[in-house]
Amino acid sequence: MDKSKVYLISLKTTSSRNLLDKLEFLVKKAGILSLDYNKKFTAIKIHFGEYGNLAYIRPNYVARIVKILKDNNAFVFVTDANTLYKGKRGNAVDHLQTAMENGFNPLTLGCNVIIADGLKGTEFREVPINMKHCKTAKIGSAIADADIIISMNHFKGHELAGFGGALKNLGMGSGSVGGKLEMHSGNKPRIERKNCTGCRQCVKNCAYGAIKLDDEKKAVIDYNKCVGCGQCIAVCYFDAAQVVWGATNTLEKIAEYAYAAILGKQHFHINFVMNISPNCDCWNYNDVPIVPDIGILASSDPVALDRACVDLVNKAPIMAGSVLDGKDCKNKDKFTLVYPNTNWKVCLDHAEKIGLGTQNYELLELG
């Protein structure tokens with residue numbers, strides 16, 4: 001397979017050329033204007049960030065992309081689907097409020113914000129894909145009905161996927177609540193009892209009442225109630241709640257859902273490799289970045305884009321004070337060091353296998 005082109009700009013600026021101007025230069029060089037936007041419904045797929053988290057993409061960047069698309073007669077809207085867990089983005093009312101509080105609203109963006117899967121996460125289209133795990137994918141209606149998908153992705157760590165980038169944002173992020181459940185359902189966590197301190201963080205944060213403490217003050221999961229959302233894994237401070245990776249279904253399902261999200265559509269993708277926090281933006285906090293800011297990358301190939309980003313992170317130095325500070329990271333994968341029980345490559349390998357893109361890329365650094 002031929003190499004896909006991935007374009008990179010650094011975050012270095014001058015008084016006559018700020019980051020918004022550099023972003024516009026990047027996406028135009030990478031081919032964003034090669035798409036036909038004329039009177040096409042164009043969804044900018046983004047993550048609005050959970051309230052309290054400050055690592056998400058700034059609305060200023062989104063507004064510049066909105067302007068570029070509207071200048072080319074696109075019907076633009078910014079969108080995300082509701083979450084499986086019951087935080088402040090679990091329904092459209094709370095989700096829109098959180099988006100506005102984080103700066104995503106028509107005044108700042110220049111376009112409307114639409115929650116893709118409706119009020120309760122039940123508005124979706126079943127997209128036929130006939131893949132290994134999913135015969136159809138439950139994609140939020142606003143995304144499924146769009147003509148064009150532009151993904152804007154904060155590249156960071158992720159407690160289930162190793163890292164989150166374009167594929168995670170497109171796949172898990174475009175699924176309705178039922179779609180997210182389907183992606184998670186084959187991958188329920190386990191409790192390593194010797195690590196459990198009885199701190200009750202998993203109990204407090206389980207939206208489904210699936211975790212209790214037993215007589216020995218150890219966490220126990222009721223698998224009849226557990227939906228496999230991974231909330232307990234992220235909030236456990238002692239590595240007691242762990243991913244069970246006997247099967248790789250979740251990451252492969254994410255690839256299949258990403259395939260469904262852009263199936264039959266024009267698409268383009270932008271990764272912001274900055275503020276590279278160890279955790280997903282779904283959490284109401286963000287930790288010290290694991291490496292210094294790297295830049296912004298863009299490509300028409302989401303697989304190549306994610307692979308280029310993870311390679312750049314692995315070449316970067318460790319950030320002092322981060323979860324990797326003091327660890328021997330030489331010639332080691334940083335996301336695996338943060339989450340030893342994950343294997344991010346599964347998602348990229350499957351995405352490549354099903355024709356979503358290629359991990360064979362050419363990195364073009366722009367001035």
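Where a number appears in this text, it was derived from the coordinates with a stated rule and is not lab data. What you see is a predicted model, and the numbers here were worked out from it, not measured in a lab. Quick reminder, even Gly has a Cβ in these numbers, built from the backbone with ideal geometry, and neighbours come from all protein chains shown.
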What one gets for the range 190-242 as the Kirkwood radius, inverse of mean 1/r over different Cα pairs in Å, is 10.6
hull vol. (C-alpha, convex hull) per residue for the range 260-367, Å³ -> 135
Expressed in angstrom, Rg and Dmax over the Cα atoms of the range 85-211 are 16.7, 53
Computed on Cα atoms, Rg of the chain relative to 2.2 N^0.38 Å comes out at 0.94
Ranked from fewest to most other Cβ atoms within 10 Å of their own Cβ, Thr108, Thr14 fall in the order Thr14, Thr108
Measuring from the longest principal axis of the C-alpha atoms of the chain, the long axis of helix 92-101 (C-alpha) lies at a number of degrees, nearest 10, equal to 70
The relative contact order of the chain, taking Cα pairs under 8 Å that sit 6 or more residues apart, comes to a percentage of 23
Any lysines whose Cα falls less than 20 Å from that of Lys22, other than same-chain ones fewer than 8 residues away, would be Lys5, Lys12, Lys67, Lys70
For Cys282, Cys347, ascending order of other Cβ atoms within 10 Å (fewest first) is Cys282, Cys347
Rounded to the nearest 10, the angle in degrees between the Cα long axis of helix 19-30 and the longest principal axis of the Cα atoms of the chain comes to 80
